[in-house]
1. Run the numbers for His38 and Ala58: contour at 0.36 nm per residue of separation, minus the present Cα-Cα distance, in nm.
2. Take every Cα pair under 8 Å in the chain that's 6+ residues apart, average their separations, divide by the length, and report that relative contact order as a whole percent.
3. With a sphere of radius 12 Å drawn around the Cβ of Pro62, what net charge do the other residues whose Cβ falls strictly inside it have (Lys, Arg +1; Asp, Glu -1)?
4. Going 7 Å from the Cα of Ala20 toward and past its Cβ, which residues in the stretch 54-94 have a backbone nitrogen under 17 Å from where you end up?
5. May I ask for the Kirkwood hydrodynamic radius of the chain, worked out over all distinct Cα pairs and given in angstroms to one decimal?
6. Compute the FRET efficiency between Glu9 and Leu46 as 1/(1 + (r/R0)^6), taking r as their Cβ-Cβ distance and R0 = 35 Å, and round to the nearest 0.05.
7. So, in Å, what gap is there between the alpha-carbon centers of the stretch 6-36 and the stretch 59-94?
Amino acid sequence: MPPVPALAELRELAARRLPAWAAPSQMMVLSALPRTCHSKLDRAGLPAALPQRPPDLAYAAPATRAEQALAAIWAEILALEAVGLDDNFFDLGGTPWSP
C-alpha cells in the first residue's frame, strides 16, 4: 500500500478542490473497499466512521472554566474523550446538525 498523506493534507486538498458543502467531514484509510459478489461497492460492508481526534492534530488542554465547559459539550456531542483548545468542531466530525 502506498504511503498515506497526512489528514491535514487531505483536508486541505479537499477544501481547495471541492465546494465547502461537498468536502468530507471524516476520512479513513482502508486497505481495500468491500465488494459484493457482483464486484460492486458493498456500502453495508464499510466500517462505521467513528468520531476520533485526527492523529496529526496537536492537543492543548482548555484553560478557563468556559473553555472547559465548551470542550465538555463538544466531547459529549462528538463522542470523544477529550476536545482541545485549538480543535475545530467540524474537523473533529461535527456538522451543523450534530445530535
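Every read-out reported here was derived from the displayed coordinates using simple, explicitly stated rules and does not represent laboratory data. What you see is a predicted model; the values in this text were computed from it and never measured. Cβ: placed from backbone, ideal geometry, glycine included. Neighbour counts: every protein chain shown.
1. Gain on stretching His38 to Ala58: 2.9 nm.
2. Over the chain, the number comes to 26 percent.
3. -2
4. 88-94
5. 15.6
6. Numbers: r = 23 Å, r/R0 = 0.65.
It comes to 0.95.
7. Measuring centre to centre over Cα atoms gives 22 Å.
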